[in-house]
Amino acid sequence: MTIGIDSIIDFAAINTAVERYKLDANKVLQGDPEQQLQNHYSSDCDQFHSGVWQGDIGSWKVNYSEHEYCEILSGASVITDSDGNQTTVKTGDRFVIPAGFTGTWEVLENCRKVYVIFDSNQP
């Protein structure tokens with residue numbers, strides 16, 4: 001099987017449905033943040049995913065079982081680890097959150113990011 005140019009996923013041109021959801025109440029620490037997800041691509045093995053995520057103001061607990069590359073398109077968030085160390089991420093920032101990270105994610109200004117996830121725990 002040959003994969004050609006028509007297999008390239010152009011985020012700007014693709015019309016992926018937007019999935020809106022609320023977090024599990026046990027994870028939410030502050031606010032009632034709605035989130036939106038447009039998963040533009042998932043690999044056949046279901047270990048690799050990419051798309052655009054958006055979150056409203058609020059904070060919640062995170063526990064990453066996957067590795068995630070993020071590029072903040074707009075807004076600002078504070079990521080805090082389980083020891084209380086924190087970093088603020090804002091428009092233009094690019095970073096990786098490794099699998100095993102635990103802590104909190106707080107959206108200060110409605111935040112939109114490109115995500116690329118690799119889940120090594122999937123078969």
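One residue stands out among those in segment 107-123 that are over 13 Å from the mean Cα position of the chain (by Cα) and either part of a strand (DSSP E or B) or at pLDDT 95 or above (or both): the one that is nearest to GLN35 (Cα to Cα), which is ASN110.
For segment 62-70, the count of residues that are surrounded by fewer than 16 Cβ atoms within 10 Å (Cβ to Cβ) and out of contact with any strand residue (DSSP E or B) (no Cβ under 9 Å at 6 or more places or on another chain) is at least one.
Comparison of ALA25, ALA13 shows that the only residue that is more than 21 Å from VAL116 (Cβ to Cβ), surrounded by fewer than 11 Cβ atoms within 10 Å (Cβ to Cβ) and among the aliphatic types (A, V, I, L, M) is ALA25. Taking the conditions exactly as written (over 12 Å from the mean Cα position of the chain (by Cα), of a type in the set (A, V, I, L, M) and closer than 30 Å to ILE3 by Cβ), does ALA76 satisfy them or not? No.
In this structure, GLU106 does not qualify as surrounded by 16 or more Cβ atoms within 10 Å (Cβ to Cβ) and either closer than 19 Å to ILE117 by Cβ or touching a helix residue (DSSP H, G or I) at 6+ places or on another chain (Cβ under 8 Å) (or both).
The values are calculated or read from the model by the stated rules, or taken from the named source; none is laboratory data. Keep in mind that what you see is a predicted model, and the values were worked out from it rather than measured. Backbone-built Cβ (ideal geometry, glycine too); neighbour counts: all protein chains shown.
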